[in-house]
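Report on the structure given below.
The values are calculated or read from the model by the stated rules, or taken from the named source; none is laboratory data. Quick caveat, the model's predicted, so the values are computed rather than measured. FYI the Cβ positions are ideal-geometry reconstructions off the backbone, even for glycines, and counts take in every protein chain you see.
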Amino acid sequence: MAFVVGLRTYLDTVILTGFICCGLARLARFNATVALVPKDKAGKTKYFEGLPIPSSLVLVGVLSYWTKNDWIEGKEGIPWGTVTLWGKGGGRGEFHLVSIVFGLWAAAMVSKTLRVPKI
């Protein structure tokens, strides 16, 4: 969905691919380690290790809101704009600042130290 909205530069694609890979790693680790997480008296786990995958729906909601307001590539433009790290604009060294949010979210999903309490 982020790609369709306009996060299509080379670095955006690398970050979004990393986001997908971290999501897959998060699911795999959850399946492999769910038995090791401490449980309460009822047998339910007390917390999630790393950010749960359904939390990514927040990003889907943000992208939907942007689409509703035409804050997409080719219309009003993506909020926060782009940064060029090297080369001239439009090259391989350019990325959208919002891609950093996807990168941080990916890191939070696979974090071993982040513990999100179950509600």
Review point. For the range 86-108, does any single residue satisfy the condition of being modelled with pLDDT under 90 and either of a type in the set (D, E, K, R) or within 29 Å of Ile119 (Cβ to Cβ) (or both)?
Key: yes
Exercise for review: Could you tell me which residue of the range 91-105 is surrounded by the most Cβ atoms within 10 Å (Cβ to Cβ), considering only residues that are within 22 Å of Ile72 (Cβ to Cβ) and small (Gly, Ala, Ser)?
Suggested key: Ser99
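Each row is one residue, and each column tells you yes or no for (1) in contact with a helix residue (DSSP H, G or I) (Cβ under 7 Å, 6 or more places away or on another chain); (2) over 14 Å from Met1 (Cβ atoms).
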{"position": "Ala25", "(1), (2)": "no, yes"}
{"position": "Arg29", "(1), (2)": "no, yes"}
{"position": "Thr33", "(1), (2)": "no, yes"}
{"position": "Leu36", "(1), (2)": "no, yes"}
{"position": "Lys41", "(1), (2)": "no, yes"}
{"position": "Phe48", "(1), (2)": "no, yes"}
{"position": "Ile53", "(1), (2)": "yes, yes"}
{"position": "Val58", "(1), (2)": "no, no"}
{"position": "Val62", "(1), (2)": "no, no"}
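Taking the condition within 25 Å of Ser111 (Cα to Cα), surrounded by 15 or more Cβ atoms within 10 Å (Cβ to Cβ) and at pLDDT 95 or above, does Gly23 pass? Talk me through it step by step, then tell me what you get.
Working: within 25 Å of Ser111 (Cα to Cα): yes; surrounded by 15 or more Cβ atoms within 10 Å (Cβ to Cβ): yes; at pLDDT 95 or above: yes.
The answer is yes for Gly23.
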Point to revise | Cross-chain or 6+ apart pairs with Cβ under 6 Å, the range 99-115 first and touching a residue at least 24 places away in the same chain (Cβ under 8 Å), then among the charged types (D, E, K, R) and surrounded by 14 or more Cβ atoms within 10 Å (Cβ to Cβ) | key: Ser99/Asp12; Met109/Arg26; Val110/Arg26
Study note, to complete from the structure: Inside the range 30-82, the number of residues satisfying the requirement of being exposed (fewer than 11 other Cβ atoms within 10 Å of the Cβ) and in contact (Cβ under 8 Å) with a residue 40 or more places away in the chain is 2
